[in-house]
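A.B. asks: Handing you this structure, nothing more for now.
The values are calculated or read from the model by the stated rules, or taken from the named source; none is laboratory data. Here the structure is a predicted model, which is why all the values come from computation and not from measurement. Ideal geometry is used to build each Cβ from the backbone, glycine not excepted, and the neighbour counts take in all protein chains shown. What goes into the accessible areas is simple: the full protein's heavy atoms, side chains included, and nothing from ligands, DNA or RNA. Shrake-Rupley method; radii C 1.70, N 1.55, O 1.52, S 1.80 Å.
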Amino acid sequence: MTGDRADPGLLDRMVGNSLGWLEEMREYFRLPPNTTTDADPNITLKPLGELAQLTQLIAGLHPRPEVRAAADRLFAFAWRETREGELFAELIRGEPFATYPVELYGVFAQSGLRHPAVEELVPTTTGLRGWRVAREHHTRTLGVLNAERRIGLAQHADFDTEFALTGLGLLPEPWALDLKAAYGVTHDVFHLTDWGRDRRRLSPETAGYLRLWLPSWLENWLEEQLWDLVGELLAVAACLPEAPYHPAAWQRLAGAQAADGSVPETGAAPRPADRAEAFVACYHSTLVTAFAGTLARTASDGAEAGPVAGVAAAVAGRTPCESEAAL
């Protein structure tokens with residue numbers, strides 16, 4: 001760690017309270033019974049996939065057992081919602097050129113949770129010419145490549161070549177970073193480091209660029225009270241070698257967290273009274289807060305900046321039924 005020392009008590013409270021709210025709101029992560037290729041994945045699978053992605057990491061990395069247990073319950077819930085992987089087989093059959101079923105399945109495969117039909121389908125579908133076309137942008141391609149790696153497939157493109165073409169890989173002029181580009185930079189870091197598991201993937205040049213400009217970016221988005229992006233930038237800081245801790249930013253984010261554990265995407269909008277609307281307004285920023293707090297907490301403990309077996313070791317050998325029993 002460089003600069004100010006982390007506050008483990010603050011971070012633990014923020015992560016624990018975030019997970020507590022997410023467990024309370026778990027019903028809103030449930031998939032509708034008609035989740036098919038005709039459904040919009042951005043409002044069905046996307047929230048569940050984000051829940052799985054981040055709780056998987058928290059369950060494997062956080063030093064406190066009660067926090068890991070809460071995250072593992074949420075991760076196991078997400079697996080059950082996919083009908084233990086059967087949903088991915090249906091989505092791949094219905095939309096063989098789509099990448100999102102493979103990206104989401106990769107999260108579970110990384111933890112040893114696999115489905116026989118998906119395992120048979122993905123080597124064929126990912127080899128299709130239509131599947132291997134360029135994605136919407138290079139950042140998304142990094143996510144696809146990570147999914148292929150997690151499942152054990154041959155990667156359809158060179159990761160470092162794709163990263164060099166991303167917003168972060170090009171080291172953009174820092175004063176021109178708008179909202180969309182800022183989110184792109186954070187996800188470039190997450191994909192490159194496998195969501196903070198391997199900070200060594202950041203080159204000295206990239207890490208130096210981020211270390212230099214993160215304080216200014218944080219100040220800008222703190223002023224805008226965009227807590228969702230503030231959380232992602234704090235997660236990026238925790239991905240850096242000798243991760244710098246930003247106490248003022250963490251205190252501001254803690255101040256934005258409600259007593260029930262939720263964190264709004266922005267402090268400018270009133271919280272909806274309706275639970276379903278409150279979920280939409282808060283779920284992602286609350287997840288990001290738990291994720292960033294876990295990475296910062298791990299960095300504060302002086303963890304080695306190398307690959308972490310984490311949840312894979314905890315779940316390896318566990319059957320999907322055993323995961324469901326953890327609910």
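A.B. asks: What ³J(HN,Hα) values, in whole Hz, does the Karplus curve 6.51 cos²θ - 1.76 cosθ + 1.60 give for segment 193-206 when θ = phi - 60°, with x put for Gly and Pro?
C.D. replies: Here the 3J(HN,Hα) series is 9, 6, 6, x, 6, 9, 5, 5, 5, 6, 5, x, 5, 5 Hz.
A.B. asks: While we're looking at this one, here's another question. What does the charge count around A181 come to, taking other residues whose C-beta lies under 14 Å from its C-beta (Lys +1, Arg +1, Asp -1, Glu -1)?
C.D. replies: Here the count lands on -3.
A.B. asks: Tell me the net charge near P172. Cut-off is 11 Å between Cβ atoms, P172 excluded, with +1 for each Lys or Arg and -1 for each Asp or Glu.
C.D. replies: Values: positive: none; negative: E173, D178, D188.
So the surrounding residues net to -3.
A.B. asks: Right, here's the next one. Please report Rg over Rh for segment 190-295, where both radii come from the alpha carbon positions and Rh follows the Kirkwood definition.
C.D. replies: 1.01
A.B. asks: Which whole-number value in Å² is the accessible area per residue of the chain, probe 1.4 Å?
C.D. replies: 43 Å²
A.B. asks: Compute the relative contact order of segment 180-234 as a whole-number percentage, counting only Cα pairs closer than 8 Å that sit 6 or more residues apart in sequence.
C.D. replies: Relative CO of segment 180-234 lands at 33 percent.
A.B. asks: Place a +1 charge on the Cβ of each Lys and Arg in the chain and a -1 charge on the Cβ of each Asp and Glu, then give the dipole magnitude about the Cα centre in debye, rounded to the nearest 20.
C.D. replies: Roughly 480 debye for the chain.
A.B. asks: Quick one: net charge of D12's neighbours, Cβ under 10 Å, K/R +1, D/E -1?
C.D. replies: +1
A.B. asks: Amide H to amide H, which residues 5 or more places from Y245 or on other chains are under 5 Å from it, using H placed in the peptide plane?
C.D. replies: For Y245, the qualifying residues are T2, D4.
A.B. asks: For the chain, what relative contact order do you get, as a whole percent, if you take Cα pairs closer than 8 Å and at least 6 residues apart? Write out the running numbers ahead of the final one.
C.D. replies: Working: 459 pairs, mean separation 97.8, N = 327.
After rounding, I find 30 percent.
A.B. asks: Could you tell me the relative contact order of segment 101-191? Use alpha-carbon pairs under 8 Å, at least six residues apart, and round to a whole percent.
C.D. replies: 31 percent
A.B. asks: Then there's this: Could you work out [θ]222 nm for the chain from helices alone, using -39500 (n - 2.57) per DSSP H run of at least four and dividing by all its residues? Round to the nearest 500 deg cm²/dmol. Intermediate results must be reported in sequence, preceding the final value.
C.D. replies: Details: 15 runs with 196 residues, N = 327.
Estimated from H runs of four or more residues: -19000 deg cm²/dmol.
A.B. asks: Given a 1.4 Å probe and every protein chain left where it sits, what share in percent of the accessible area of segment 59-174 is carbon and sulfur?
C.D. replies: Its accessible area is 53 percent carbon and sulfur atoms.
A.B. asks: Here is a follow-up. Provide the per-residue ³J(HN,Hα) series for segment 140-154, in order, calculated from phi with Karplus coefficients 6.51, -1.76, 1.60 and θ = phi - 60°, each as a whole number of Hz, with x at glycine and proline positions.
C.D. replies: 5, 4, 4, x, 5, 5, 5, 4, 4, 5, 5, 7, x, 8, 5
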